[in-house]
Structures are given as structure tokens and as C-alpha cells.
1. Given the residues ARG490, ARG508, which is the only one that is within 14 Å of ILE569 (Cβ to Cβ) and outside any loop (DSSP other than H, G, I, E, B)?
2. Please work out which residue is surrounded by the most Cβ atoms within 10 Å (Cβ to Cβ), limiting yourself to region 468-495 and to residues that are more than 14 Å from ASN413 (Cα to Cα) and touching a Ser or Thr at 6+ places or on another chain (Cβ under 8 Å).
3. Of all residues in region 235-252 being crowded, with 18+ Cβ neighbours inside 10 Å and polar (S, T, N, Q), which is modelled with the lowest pLDDT?
4. Any idea which residue in region 542-575 is farthest from LYS516 (Cα to Cα), counting only those that are assigned to a loop (DSSP other than H, G, I, E, B) and among the charged types (D, E, K, R)?
5. Return the residues of region 75-95 that are in contact with a helix residue (DSSP H, G or I) (Cβ under 8 Å, 6 or more places away or on another chain) and among the charged types (D, E, K, R); say none if nothing qualifies.
6. Do we have any residue at all in region 329-342 that's among the aromatic types (Phe, Trp, Tyr), within 55 Å of the chain's Cα centre (by Cα) and outside the structural domain of ILE227 (by TED's automatic domain parsing)?
7. ALA371 - would you say it is part of a helix (DSSP H, G or I) and out of contact with any Ser or Thr (no Cβ under 7 Å at 6 or more places or on another chain)?
8. Of the residues that sit in region 422-467 and are over 28 Å from GLN616 (Cβ atoms) and without any contact (Cβ under 8 Å) to a residue 60 or more places away in the chain, which one is surrounded by the most Cβ atoms within 10 Å (Cβ to Cβ)?
Amino acid sequence: SAQTINKNNEIDVESEGDYESAEDELFVRGIRKSESESADEIERKKRESIRISKSIANVGYEIVEDLNLTKAKISTTFCDIFKYAKPEQRYLISGLICSILTGFRYPILAALMGLFFAVLAKLPEGEGMDEAFWIALAFLALAVVSCLTTYFSGFFLGSAGEKMASRLRMSVFTNIMHQDGYYFDQTTHSVGKLTSRLASDAHHVQGAIDQRLAEVLVGLSSLISGILLCIWWGPFVTAVCLIASIIFVTFKIAMSNYLKKRGLQDLQSAEECARIASEGIENVKTIQALAKQDNIYANFCAASAIPHRRALIRGYFQSSIYSSGLCFAGFNFAISYSIGIFLVRDRYTTPQILFQVSETLTVAAIVIIAAATYFPEYLRARLSAQIMFDMINEKPKINAMDQNGQKLPINGNIDLKNVTFSYPNGSTKHLTLNNLSLSVLQGKNIALVGPSGSGKSTVVQLMERFYDIFSGTISIDKTDIRHLNVPWLRNASSVVGQEPTLFNLTIRENISYGMKEVSIEKIIEAAKLANIHEFIESLPEKYETNIGNKGTQLSGGQRQRIAIARAIIRDPKILLLDEATSALDTESERIVQEALERASEGRTCLTIAHRLSTIQNADIIVVIRDGKVVEYGNHQQLLSQKGLYNRMVQKQHMD
């Protein structure tokens, strides 16, 4: 193995080249030998954990969606969806025509069968051979045409649905990427909910115009054309044969309405069961540690009893609907023919017409009832369309891609004057920043320290203009940042946070992320400044090494140094460091701190620090408490004041 743990609990590593730290060498050895298997196992477990988390979340999400579907007042109409699908108009119109033509096949089939049975009666007498032959050919032609119209109906409407769903998904995602901090602070805009919207709601909207719409159109076309044809054959016998169809359809509608009314109560009873299951699975280790498995099992069983009983009752009604659907044709023929024999006897109609009318109306009723199962999906499509259209039309207060605003050369002088701010989801009575003022001169390193929740990291959020302040001004080179072009402002600064955000790409792509074109020489130069180049060069694939999802193939210090390299390569005038070393061990902190000191040379640097040892050499240290500046000076000056900073230093056992 790459490492051996000796009796003194120390890690012995064979020498094989120079590395920045022991963690670099261990990582390289793991890559070269057995780390790939370990990483695969870690990644597999991580994916499994994510899958379980998503499954748990989806239980509640689906219940909420069904509750919304039952209770929501949906303003979006089918026409609104069609208007949005205007770019797919050619596919839609072609699919609609093919679906309507497909619906004609059932009445035509019944008509041909009636004609054929009439001709069959003549064959023993030696008549009707030619007529029977042509009717047989007509069956063949009907089959071929039906096959083609069915195929093209599904193809055109399916293509229209896929294209519209893809376009809708991209429009929503693009608008999400333009949103500001206010948007993502809302509980309805959590990562899980937004990704679920993109994944499921676009698919639901697609159901309004894809193959399911074809089934509805086929049913309507079959019903309308069948009734008109039957009236033409014989209105009196048509009225008689409609009796059974009307009774059956009325029964189906009544049962469906009853089940719909039960739906909300059934879903609400299932919600408690899902909540207990979610809580139990998420906290399974705690439950096992406290030996409370029996307790949560009993709660789950008790919560499951009510939805179980309701599901049984619901099953009785659903079985009634299903069984009545299967025997509907038999009942309809029994009623139609029982009355029809008297009509034939009294010469109100002929056997051929009786058969044609009865067959046509029976098939039409079956088809339209089958198509009626689309109705819940139609409601879901309208609800999803309403949600997604609202998301598309939602305008951010600060558009991340807005091209308006000034694009001025930035030197790096920062001024915050009387800044007041609180987060939108917080209390307006408690201000995160309360009349805060501070200045940073070009090229200087200023550090912000203070207790947790004092507002230090908020300054970074405001500098990047993820939010706008309530009052006061934040200026760069004497220009209010609200007057600057937002992308221009963010390109002029770089942020390195406590948890670096890396992507499932190569090291080269992660360092150059956000840059349109960058040479490998510049990437290497940035990596050298970030103390990560030698480590990268020791990897088998060097800069083309894929670091895995969120950089899981790397240690915390390695991820942080790649994030620093990404910040350096942009050549920012302003460097914002938000507790960049607080999550690292001592050795990693030392290496990363060296990289940060190199990166900050010649730049205006605003450092948020929890570990005070990392900011002793800052030009100015600003102590913030409750959103206000309470102390100001360099390290020695603040120690001599014997104030909050001095107490914080003593607490961390610093000299």
C-alpha cells in the first residue's frame, strides 16, 4: 500500500521525489497504485448516499406535488402551452391531422365489417364474390393507412413534445443562472426543488402535446365521426344504442369524481407516513445508537395503518371501474341487440345497420374512456406549465448577465460608507451590517475578524453584488458598484472561500474555468503561484487529471490551492478571501497560506479570517461585532488596546 502506520501511529512514506506536503505524496502514490479503486468505492458510496437522500426527498416532494395538483387553482390553459409551443407548430399541426385521421379508422372498420357480413350472406347463393374481394382489399388499405397515420401521429407529436420540453428546460435554467442572492434565499428555490423542477416539470408539460394528446384526439375523432356516421345510418337505432354507452360513461365519471374527492385525504394521510420514513432513514445511525428502532417502527406502522385502510377502500372502487370497463362491450351489445331485434323485426332498421351502429358506438365509447385517463396528466401539465412559465418570467433585482452599467478600469480602492444591510429572509429588526464604514487602499491587505455572525462574510457577498445594500454606499475607485456593469465587476475580483467549488472536470479546465481562452503556460504560471504545480506534474495525467465530482479525488488543501490558481489566472485587481484556510489542518494551512500570500501580492486583498494567526501581517485589521466596526489597526496596535481582538487572540493561544 501507499502508506504504513507504525506502532507510534506515524505515517511512513517512501521517498519518491519532492512534494509540497505529505498529503501530496500520499495522493500521488494512491493514484499510481490502488487509489483508483478506493476513489471508485468512495464515489460509489457517495452516489448511493445521494441516491438515498434524493429518494427520501422525492417521497415528500411527490406528495406535495399531488396535493398541489388537487388544491391548486390553475390559470394556465391548454392554449397557453400551445402558444409556447409555437416554434414546434409544424410538428403539432402534422401530428393533429394524423391523430384525427387515425380516429376515423374505428367507424370505417365497423362500416366495412357490416358490409362484409352482408356480402357473406350472399355467397352461398353465388353472389357477391367481387364485392367481398374489394371489401377485403379495403380492410388491407385501412390497416396500411392506420399504421402510417398512427406512426406519424406519434412521431410528430412526440418530437414536438421533446423539443418544447428541452426548450422550456433551457429557458428556465438560463433564467435561474441570471438570478441573484435574493432568489436563492427563498425556501421554494432550494437546490433540490429547482433541480426537481427542471427534471420533472418540463416532462409533465411535455405530456400536454406528446403521444398522450394523440390518444385523446384519436378518441374524440372516433367518437364524433362515429356518432355522425351512425346518425346517417339510422338516427332511431343510434339513439337506442347510445343508452348503454351513456350509462357506462356516466358511471365512470361519477366514480372518478368520487375517487378525486378522496384523493386529497388519502394523500394527506400518506404524508405523515412518508415523514416518519424520511426521518428514520436520514437519522438511522442516531436511532441505532439510541436503540430506538422498535419505537420508530411502531410509529411507522401506526402511521401506515390509516392510508392502508383508505387504500383498500379505494381499491374496491377502482376494481369496480376496471371490471365494468372489461365487461362494457358485452353489456352494450346485450342491450343494443336485445332492443335491436325488435327494431329489425318491425323493419325500423336492418341487421347490417344494427351491427354497424352498435359496433361503432361501443368502440368509440371504449376509446374515449381510455383517452380520459389523460385528464389527470393534463391537469399536472397545466400546473407544471404555470410554475415553469412563472420561473421564466421572474426578473432578478440584480441580473448576473446584465450588460448595462459602466465598464471602468479598476485599480482596487474600496470604500464602504455607512452600509446598512440584512438578508431578505432575516429579521429587519436585526441588521447584519449596521452603519458599517471602512476603506481599503489599492494594493493593501485588510483583514476582517470578529465573532461568528458579526457580518464579515456579508461584506464579500455585497462586494460581489449578490445583494444590494439598504443604505450607504459601496464604492470601487470612487464609483458606486451599483453603477458598474455586473459581469465586469465580478471579473475584476476573485473569491476564494472556505469550501472551494470545483467541477467534475480536469485540473486544467478547473483552473481556467470562466476564462474564454487561456494558454497552458498561463495555467502553469497560476499553478506555480498557488503551490500546486509540482503536485500536478507528479500525477500520471498531469493537468488532464479528472478530479471527480466536487473535487472528491483531492484533499482539502489540494482543492483549495486549485481554487487559488483559478483566482490568480483571472489576474484580479481585488482578491476576496473568505476564511480560505479555516477548514484545513496545520500543514495544509501553512502551504495554502503561502499560496495566498503570493496571490495577494500587488492586489487589493480583503481577508475574512477565523484563525487569527493567518492575518497577523495584514496592513489593517478591522474587528466587527454586530455589524459594526469596533476596533481598527494593525496586529500590535490592537493587542495594545486590550479589547475584543486581544481577547480573541488569547482565546486562540497566540503570541
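The values are calculated or read from the model by the stated rules, or taken from the named source; none is laboratory data. All figures in this text were calculated on a predicted structure; none of them were measured in a lab. Heads up, the Cβs are rebuilt from the backbone with ideal geometry, glycines too, and the neighbour counts pull from every protein chain shown.
1. Values: ARG490 fails: within 14 Å of ILE569 (Cβ to Cβ).
Of the residues listed, the single one that is within 14 Å of ILE569 (Cβ to Cβ) and outside any loop (DSSP other than H, G, I, E, B) is ARG508.
2. Keep residues of region 468-495 that are more than 14 Å from ASN413 (Cα to Cα), which gives 468-472, 482-488, 490-491, 494-495.
Still in the list and also touching a Ser or Thr at 6+ places or on another chain (Cβ under 8 Å): 469-472.
Numbers: ILE469: 20, PHE470: 13, SER471: 10, GLY472: 15.
So the residue we want is ILE469.
3. SER245
4. So the first thing to find is which residues in region 542-575 are assigned to a loop (DSSP other than H, G, I, E, B), and the list is 545, 547-548, 552-555, 570-573.
Imposing the further condition that a residue be among the charged types (D, E, K, R) reduces the set to 570-571, 573.
On the way: ARG570: 11, ASP571: 14, LYS573: 19 Å.
Within region 542-575, the match that is farthest from LYS516 (Cα to Cα) is LYS573.
5. Taking region 75-95 and keeping what is in contact with a helix residue (DSSP H, G or I) (Cβ under 8 Å, 6 or more places away or on another chain), we get 75-78, 80-82, 84-85, 87-88, 91-92, 94-95.
ASP80, GLU88, listed by residue number.
6. To start, the set of residues in region 329-342 that are among the aromatic types (Phe, Trp, Tyr) comprises 331, 333, 337, 342.
In the following step, the residues that additionally are within 55 Å of the chain's Cα centre (by Cα) were identified as 331, 333.
Pick out the ones that are also outside the structural domain of ILE227 (by TED's automatic domain parsing) and you get 331, 333.
Yes, region 329-342 has at least one match.
7. Working: part of a helix (DSSP H, G or I): yes; out of contact with any Ser or Thr (no Cβ under 7 Å at 6 or more places or on another chain): yes.
Yes: the conditions hold for ALA371.
8. SER422
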